[in-house]
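Each remark here refers to the structure printed beneath this line.
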Amino acid sequence: MNFKNFLSFERMITPIIIKVLFYIGLIGSALGGLVFFFTTAFVGISYKGFGQILWGFILGLLGGLLIIFLGVLMTRIYAELLILVFQINESLTDIKMLLQEKSSIE
């Protein structure tokens, strides 16, 4: 990518930014799942009964894993949809340039 394409917006840099945001989303999903797990486990411990501690741990574990899984899945789908839009734009730009070159040759 040269500077002229950068200034004329012929090539997009947003897909790179989307990939960075995807990794931030992965980290956020993992942290969200861990926070849910520890929060529920500590709430179960605060009730000081074995049943509450066990249910807090089980609920925290299952809920935390579910949050991590769904968070990663939704982040991936969202990132793919955004990148798809920019890939379509780049493909159309390439087709336009090829057609312009072809028409200038003839």
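Some values worked out for this structure:
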item	result
Residue that is under 30 Å from Ile83 (Cβ atoms), of a type in the set (A, V, I, L, M, F, W, C), out of contact with any Pro (no Cβ under 7 Å at 6 or more places or on another chain) and surrounded by fewer than 15 Cβ atoms within 10 Å (Cβ to Cβ), where the choices are Leu26, Leu65	Leu65
Failed item, numbered, when Gly44 is tested on (1) in contact with a Leu (Cβ under 8 Å, 6 or more places away or on another chain); (2) outside any helix (DSSP H, G or I)	(2)
Exclusive hit being touching a residue at least 40 places away in the same chain (Cβ under 8 Å), in contact with a helix residue (DSSP H, G or I) (Cβ under 6 Å, 6 or more places away or on another chain) and assigned to a helix (DSSP H, G or I), set Leu82, Leu21	Leu82
Residue selected from the range 68-88 under the condition farther than 30 Å from Thr40 by Cβ and surrounded by 15 or more Cβ atoms within 10 Å (Cβ to Cβ), by the criterion modelled with the lowest pLDDT	Phe86
Any pair with Cβ under 9 angstrom, 6 or more apart, that starts in the range 25-46 at a residue that is at positive phi and ends at one that is acidic (Asp, Glu) and at pLDDT below 95	none
Single condition Gly49 does not satisfy, out of (1) more than 30 Å from Met12 (Cα to Cα); (2) under 29 Å from the mean Cα position of the chain (by Cα); (3) free of Cβ contacts under 8 Å to residues at least 24 places away in the same chain	(2)
Counted residues, the range 29-49 - those being of a type in the set (S, T, N, Q), more than 21 Å from Leu73 (Cα to Cα) and surrounded by 13 or more Cβ atoms within 10 Å (Cβ to Cβ)	2
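Here is a yes/no grid of residues against (1) farther than 30 Å from Thr93 by Cα; (2) modelled with pLDDT under 90:
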| site | (1), (2) |
| --- | --- |
| Asn5 | no, yes |
| Leu34 | yes, no |
| Ile45 | yes, yes |
| Gly56 | yes, yes |
| Leu66 | yes, no |
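The values are calculated or read from the model by the stated rules, or taken from the named source; none is laboratory data. Because the structure is a prediction, the values reported are computed rather than measured. For neighbour counting, all protein chains shown are included, and Cβ atoms are generated from backbone atoms with ideal geometry for every residue, glycine included.
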